[in-house]
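Report on the structure given below.
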Amino acid sequence: MFNFYRMKFINPDQVRIKINKAVRKQVPFFFTVDYEMSEGLFLENPTNQKEILFQFNGKGNKPPEPDSSIKADTTTNPITEEEYRSKFE
């Protein structure tokens, strides 16, 4: 299981600086900032890591979904109306 506490959260201004550096170096990157704009993450070469999995338009580092040949059993076994009514008496 992934532990988010190992990730280094940085302030949004640092995220912006890292984005600008990556663009100048022409290095692929992934970033995110929380909705309060108080902290964010920045990853260079995001497809080379496995801590944060992502996929956009079919590209990313998320492993393919396994083919499942097991079908879910969706058989229902409802109780009778009398049994249902007795639950409320």
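Taken over region 49-89, the criterion of being surrounded by 10 or more Cβ atoms within 10 Å (Cβ to Cβ), not charged (D, E, K, R) and not in a loop (DSSP other than H, G, I, E, B) is satisfied by Gln55, Gly60, Tyr84, Ser86.
Considering region 1-29, and only residues there that are of a type in the set (S, T, N, Q) and within 21 Å of the chain's Cα centre (by Cα), the residue that is modelled with the highest pLDDT turns out to be Asn11. Cβ separations smaller than 9 Å between residues 6+ apart or across chains give the following pairs from region 68-89 residues that are free of Cβ contacts under 8 Å to residues at least 60 places away in the same chain to residues that are among the aromatic types (Phe, Trp, Tyr): Pro78/Tyr84. Return the residues of region 33-78 that are over 21 Å from Asp13 (Cα atoms) and touching a helix residue (DSSP H, G or I) at 6+ places or on another chain (Cβ under 9 Å); say none if nothing qualifies. Selection gives Glu51, Ile52, Phe54, Lys59, Gly60, Asn61, Pro78.
Filtering region 22-48 to residues that are assigned to a strand (DSSP E or B) and charged (D, E, K, R) leaves only Glu44.
Filtered by the rule that a residue be within 30 Å of Gln26 (Cα to Cα) and of a type in the set (A, V, I, L, M, F, W, C), region 40-89 gives Leu41, Phe42, Leu43, Ile52, Leu53, Phe54, Phe56.
The values are calculated or read from the model by the stated rules, or taken from the named source; none is laboratory data. These numbers come from a predicted model, not from an experiment. Virtual Cβ from ideal backbone geometry, glycine too; neighbours counted across all protein chains shown.
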